[in-house]
Amino acid sequence: GWHAWTPRPIEAILSGCVPVILSDSIELPFEDSVEYADAIIRVRPQHVADLPMILRRIPEARRRAMVEAAHPLIRKLHWGPNGEAPLQIVRALARRRTHSRTRIRFHDEG
């Protein structure tokens, strides 16, 4: 994808592929609660010319292990009936609220 909001890394994981992320700054959905490190490949943009060599150096067993590591992520990222993506959003909002210093004012507080 061309933007930080691209769904392509998630689509790759849901399709059983290992996403390759060429960015220093992209933050994946629910990254504060979903452990992606063993299921994705991150390459700094300045190394894009070396990408074919970088990918060839990853042993087949490691690639298979990365696909396997993505299996638990599929449920966490899926929006379907058995998916946890809506729950991940609620958790992220709760964490954000816990870290926020803003106090919610209710109408019945006067």
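Values in this text are rule-based calculations from the coordinates and carry no lab data. Here the structure is a predicted model, which means the values were calculated and not measured.
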| task | For region 48-89, list log₁₀ I(q)/I(0) at each q in 0.13, 0.26, 0.34 Å⁻¹, using the Debye formula over Cα point scatterers of equal strength and ignoring solvent, two decimals each. | result | -0.46, -0.80, -1.04
| note | Here the Cα Rg-to-2.2 N^0.38 Å ratio for region 1-71 is 1.08
| On full extension of the chain, what length is gained from residue 75 through residue 41, given 0.36 nm per residue of separation minus the C-alpha to C-alpha distance? | 10.3 nm
